[in-house]
Every structure is written in structure tokens, then in C-alpha cells.
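> I'd like to ask you about the structure that follows.
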Amino acid sequence: MNASYLSFWEHDTFLKNIDLTIVGSGIVGLTSAYLYKIHNPEKKVVVIESGVLPHGATTRNAGFACFGSMSEILDDLTEMDEESCFRLVKERHEGLLNLLDLHGKSKIGYIQSGGFEIFFNEDEAIFEECLSKIDYVNHALKKYAGFDTDVFECIELPKNWGIKAYPKAFFNPFEGQIHSGMLMQHLLKLCHKSGILILNGIKANTIEVNHQHVTIAAHPFDIKSSLVLICNNGFASELLPELEVIPARGQVLVTSPIQNLTLEGNFHHYKGYDYFRNIGDRILIGGGRHIDLKNEYTSTIETTPIITNYLISVLKNHILPGKEFTIDYAWAGIMGKGATKQPIIKKINDRVGVAVRMGGMGVAIGTKVAQQAVELLSSK
Ligand SMILES: Cc1cc2nc3c(=O)[nH]c(=O)nc-3n(C[C@H](O)[C@H](O)[C@H](O)COP(=O)(O)OP(=O)(O)OC[C@H]3O[C@@H](n4cnc5c(N)ncnc54)[C@H](O)[C@@H]3O)c2cc1C
């Protein structure tokens, strides 16, 4: 730290006697800050964020409030045992209920749109595999995830949507859409109202613990605090290399408004790798990681021609065939992945906890993970 960077006044107010510092202002960091402060109103809580705006996945995602499509669940079952796989779906579903409890629907632009899984003609074998297992999956969701009714139903793809795809699809009525910017704004409002200090433009570089406090060596100045919670998700291994968190990029495009757009809802394709939805009369499309998987394990926040061209071809050939559109927005965001789809929520020592590696469904699990992280911080 540059010793002359801060004035006496700044030290004596903003940075004095901090009880808890949270690194990262995504859904997990801000929700943790808010819940901790609610339970400990006398404590001084500070959140530091490297970006001028939050620069992780929470404001760069697709805004699906979802918990897994048929082919994604079946794909997970090739790597996980039945109980772990469906308990993970349960965690996501409960997490979505927690999210709605905390914010209410209108504050985060929630629409119970339902979710559809579509198949291109060349995916017929995947569709048949899903169809043959639909009863099994619905039964397991009742057994392990607490649903009292079937989750997935096989339907005819409505022709008036104009989607060029296999004529049958799966529908899940429990899915919804959120407005990710509204979620972040509401979280910031809750934090500000409860007296949490959020400092943007501060990047944590290393963490050093001693008996009295933790020092976060950061740019442009260091921070001392009694407790620290690391919530920087896909960037966690830059700060704590011992954590098994692999940065994984996702890329997203949003079209210009489409005349006479009839489709509405969340759409999944190919084991959860591709996804699209309407935002009013625009289409948001993301994914395509599977076509350049090796190069998409990166923390570089930029779009690439190989993925954007693929997404545009899916738009042109399948979602909006024959319709005029341009791409109005294109961006990338970073997820945290690992050998399993479970997040890492643990204490590294008495003073430092971590809640990272949210994977591709952090909207679903983020609020619940924050609750668990706050309980962990409060435990001896
Ligand atoms: C393209 C894309 C689409 C997605 N779509 C969906 C979806 O539709 N539905 C869904 O459920 N999930 C989706 N996800 C995943 C979801 O967005 C994430 O799992 C979730 O937002 C993670 O939240 P978080 O708070 O853990 O981390 P983040 O939101 O990533 O927040 C971490 C914060 O830490 C900050 N930071 C990093 N390093 C440091 C440091 N050293 N010092 C200070 N600050 C630091 C970052 O700038 C960032 O703001 C998507 C992700 C991507 C990338």
C-alpha cells in the first residue's frame, strides 16, 4: 500500500474498526453482507469490489431462475450418483424460493415464464433419451427434491413461435426470469439502507491473518478487519490458489427488438450449454461453450468470434429464421467451476471464510449460499 494514499480522516472513518470485510459484490457477497448486518446490526460491514460496477457473473448473466433442464440433469447423472444429483436440484429450487422471499417478485423483475427445452433435428437421439427417462426424472424430483407434481412435460413446440427445431419439446412450469440489473440494484439498496459500506475499485491481492485481525493487501490500499468472507466466485483461485475454482467464461448476445416476436419464456438446448429467452421483444442468447470448451476456461472478460458467430448462426437458423435483426449487445462474464457442481462454502481459519464456485446457476443458489456462509461466520 502507498502509505500516503489515505488521509487521517479517511482512516479514522471509512476504514477504522471493521468487523467484517467481504471481497466481491455479486449476489453472494452482497446477500451475505446484508444478512450478516441484519443479524449483527452493531457490526461494521464493508464490501470491496474490484470493478467500478460489479464485474463478475451476477450482472453479466442471462437472468434464468432455473434449476436444470431434462438433458442437463441426465448429463449430470453420468457423473453424479442419483441422490446427489437430485439433491442439487432441490438446493437450486429452494434457493430460488429464498431469492423470492428476500426480494419479492417486482423488485427483481421476476416473471414466472416457464422453461422449455428444445432440440434441433440432429438432436433427435437426445430427445428420445430424455423422453424415455421423463417418468424416472419426475419421480426422482418428487422423491429427493420435494416436488408434489410432475416437473417436466413433453409438449408440441408451438408453431406460431417460428422456431425451426424438432417438433417436440419439454416444458417446466416452475422456471422464471429475472432482470439481473434490477436484482443487483435492489441488493445494493438493501445494503446501503442497512449501513453497509461498499467500496468499488479495490482489488484484493493477498490475505494475511494474525491473532487480532486479517489484513487484505489490496490495490490501491490495504484493509484490516476482524473477519473476512471471500465471495469472488470465478476469481477465487487468483486470491487463494489452493481453492479448486476454475474460471469459466460465458458469452451473451442481445438482439434488436424483433417485430411480431411471439415466443416468451426461458429456452434450453443441448444439455444446458445453449440458452435463450425473450427480454420483452428482444432475444437474449448465450452459451455455446461446448464448441470451444478449452479456450472458454479463462478469466478474460471478452467475447470471441468463434462463440458469437455460433450464437448468431443459432439465431438465424433456428430461433429467428427469416426475421430481420441486429446484435445490439454482446458481453462476457466469468463463472466459477470445479470437478463437482457444488459450491465451496467453508472456513479456512477462524477469521476467513469462503463462499465461491457458483457454477452456472448462481441466481438459484446464491441467496441460500449466502445464508450458509453467514451461519458459518457466526459459528465458532
Ligand atoms: C454468461 C453467464 C450467464 C449466466 N446465466 C445464468 C442464469 O441465467 N441463471 C443462473 O442461475 N446463473 C447464471 N449464471 C451464473 C451466475 O450468474 C453466477 O453463478 C452468480 O452470479 C455468481 O455470483 P457470485 O456472487 O458468486 O459471483 P460474481 O457475481 O461473479 O461476483 C464476484 C465479484 O467479485 C469481484 N472480484 C473478483 N476478484 C476480486 C478481488 N480480487 N477483489 C475484489 N473484488 C473481486 C468481481 O468483480 C465480481 O463482481 C451465468 C453466468 C454467466 C457468466
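The values are calculated or read from the model by the stated rules, or taken from the named source; none is laboratory data. In this text the structure is predicted, and so the values were computed from the model without any measurement. In this analysis, Cβ positions are derived from the backbone assuming ideal geometry, glycine residues included, and neighbour counts consider all displayed protein chains. We work out accessible area using only protein heavy atoms, side chains counted, and drop any ligands, DNA or RNA first. Shrake-Rupley method; radii C 1.70, N 1.55, O 1.52, S 1.80 Å.
> Given the -39500 (n - 2.57) contribution per DSSP H run of 4+ residues, what per-residue ellipticity at 222 nm results for the chain, rounded to the nearest 500 deg cm²/dmol?
Rounded to the nearest 500, it is -9500 deg cm²/dmol.
> A further question on this structure: Please report, in whole Å, how far the alpha carbons of the stretch 1-112 spread along each principal axis, starting with the longest.
Largest to smallest, the principal-axis extents are 59, 30, 25 Å.
> As a test, work out the antiparallel percent of DSSP beta bridges whose residues both lie in the chain, rounded to the nearest 5.
70 percent
> Shifting gears a bit: Can you give me the % of accessible surface on the chain that is carbon or sulfur? Probe 1.4 Å, all protein chains present, nothing else counted.
52 percent
> Please list, or write none, the lysines whose alpha carbon is within less than 17 Å of the alpha carbon of LYS90, excluding same-chain residues fewer than 8 places away.
Excluding near neighbours in sequence, the set is LYS142, LYS143, LYS341, LYS368.
> In terms of modelled amide H atoms, which long-range or inter-chain residues lie less than 5 Å from the amide H of ARG282?
ILE258
> Using Stokes-Einstein with the Kirkwood hydrodynamic radius over Cα pairs, what translational diffusion coefficient do you get for the chain at 20 °C and a viscosity of 1.002 mPa s, in µm²/s rounded to a whole number?
Translational diffusion coefficient: 99 µm²/s.
> Let me ask something else. Using packing as a proxy for protection, rank 286-293, 210-217 so that the peptide with the highest average count of other Cβ atoms within 10 Å comes first.
Order by mean packing, descending: 286-293, 210-217.
> While we're looking at this one, here's another question. Distance between the C-alpha centers of the stretch 184-248 and the stretch 6-60? Whole Å please.
Spelled out, the Cα-based centre of one part sits 8 Å from the other.
> Right, here's the next one. In the stretch 333-380, if every C-alpha pair distance is counted and binned at 5 Å from zero, what percent goes to each bin?
It works out to 5, 22, 30, 22, 15, 7, 1, 0, in whole percents.
> Residue-wise, which Karplus ³J(HN,Hα) couplings in Hz belong to the stretch 191-198, taking 6.51 cos²θ - 1.76 cosθ + 1.60, θ = phi - 60°, and x for glycine or proline?
Karplus values, whole Hz, x for Gly and Pro: 5, 4, 4, 8, x, 7, 8, 10.
> Follow-up. Pull up all non-local amide H partners of ILE246: gap of 5 or more, or a different chain, and H-to-H distance under 5 Å with H placed in the peptide plane.
LYS337, GLY338
> On to the next question. Arranged from highest to lowest average of other beta-carbon atoms within 10 Å per residue, in what order do the peptides 63-69, 374-380 appear?
The peptides rank, most packed first, as 63-69, 374-380.
> Shifting gears a bit: Residue by residue, what Karplus-based ³J(HN,Hα) values in Hz, rounded to whole numbers, does the stretch 155-163 have, using 6.51, -1.76 and 1.60 with θ = phi - 60° and x for Gly and Pro?
Running phi through 6.51 cos²θ - 1.76 cosθ + 1.60 with θ = phi - 60° gives 10, 7, 5, x, 5, 5, 6, x, 7 Hz.
> Give the aspartates and glutamates reachable from LYS168 as a straight Cα distance under 15 Å; neighbours fewer than 8 places away on the same chain don't count.
The qualifying aspartates and glutamates are GLU117, GLU122, ASP123, GLU124, GLU128, GLU129, GLU153, GLU156.
> In degrees from 0 to 90, rounded to the nearest 10, what is the angle of the helix 124-145 Cα long axis to the longest principal axis of the chain?
50 degrees
> So what is the accessible area of the chain per residue, in Å², with the probe set to 1.4 Å?
Each residue of the chain exposes 45 Å² on average to a 1.4 Å probe.
> Using a Gaussian network model on the chain with a 10 Å cutoff between Cα atoms, which of SER32, SER225, SER106 fluctuates the most?
Among SER32, SER225, SER106, the largest mean-square fluctuation in the Gaussian network model of the chain belongs to SER106.
> Output the pairs from LYS43/LYS224; LYS346/LYS380; LYS271/LYS346; LYS44/LYS193 with a Cα-Cα distance over 19 Å in this structure; if there are none, say none.
Over 19 Å apart, Cα to Cα: LYS271/LYS346.
> Residue by residue through the stretch 95-103, which ³J(HN,Hα) values in whole Hz follow from phi under the Karplus form 6.51 cos²θ - 1.76 cosθ + 1.60 (θ = phi - 60°), with glycine and proline marked x?
Those phi angles translate into x, 5, 5, 4, 4, 5, 4, 6, 9 Hz.
> Using amide H atoms built 1.01 Å from N in the peptide plane, name the residues 5+ places from GLU175, or on other chains, whose amide H lies under 5 Å from its own.
Result for GLU175 returns GLY114, GLY115.
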